[in-house]
Amino acid sequence: MTMKLEGIWQADVQQRVFRELVETYARPGDIRELGACIDGAATQRVVLAALMDGEMTLADPHGQIDAADWPLLQATPGGAESARYIVANGRRAPDFQPVLGSLESPEFGATVLVEIDHVGAGALSLELSGPGVDGQRTLRLAGLHPDWLARRADWVGGFPLGVEILLFDAKRIVALPRTTRIRISGGAL
């Protein structure tokens, strides 16, 4: 008897998701719809399936990853203070300190995948600018604890050190690279 894996674990789906992620990083604040790629799976699972392999370290400080997915991800579980990737619940305040890279290797700063209620609508309005943003872009969010934006400002304050943040909901994802400047309701972060 052969076991059939979900589509998200298939190479062609992972490649499509990876291309969407590249576009997401190239255009900070541009919301990418992953609905066609995920076939009912949670966005977090789809993105992790595309990014993880045996060389990656992954932290799950808020218990977001199902135990059955760890063997398929092949990533090495690690602490948030040293992992290359961190999965977090955006409704909770960030209660960890991610690795920020070093001056010699800033690319080793963590990527933090943050699940929120809604990308593209909500009470929180951010004005984004910087590389990859044509002028200025408004991003609306729901379900992001306010401490995330203050912590992100601290984490990227020593540029080129910092973290990359991917915000996602059930079907959409948006990137906030360390180079993106954010203003909230007229205030700068």
Residue order, fewest to most beta carbons within 10 Å, for HIS118, HIS62: HIS118, HIS62
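Using a cut-off of 14 Å between beta-carbons, work out the net charge of the residues near VAL46 (Lys and Arg +1, Asp and Glu -1, VAL46 not included).
Result for the local shell: -3.
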Loop-resident sites, region 1-82, for trypsin sites (Lys or Arg not before Pro), counting at most 15 other Cβ within 10 Å (DSSP): LYS4
Range in the chain, longest, excluding exposed GluC sites (Glu not before Pro) [loop by DSSP; at most 12 other beta-carbon atoms within 10 Å]: 105-189
Cleavage-rule hits, chymotrypsin sites (Phe, Trp or Tyr not before Pro), region 129-179, DSSP coil, Cβ neighbours within 10 Å at most 15: none
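Using helices alone, I'd like the mean residue ellipticity at 222 nm for the chain: each DSSP H run of four-plus residues gives -39500 (n - 2.57), total over residue count, nearest 500.
Dividing the helical sum by the residues of the chain leaves -6500 deg cm²/dmol.
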Helix 147-156 axis, angle to the chain major axis (alpha carbon atoms, nearest 10°): 80 degrees
Contact order normalised by residue count of region 7-188, Cα under 8 Å, 6+ apart, percent: 24 percent
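None of the figures in this text is laboratory data; all of them are computed from the coordinates on show. Please read these numbers as outputs of a predicted model, since none were measured by experiment. Methodologically, a virtual Cβ is constructed for each residue, glycine included, from the backbone with ideal geometry; neighbour enumeration extends over all protein chains shown.
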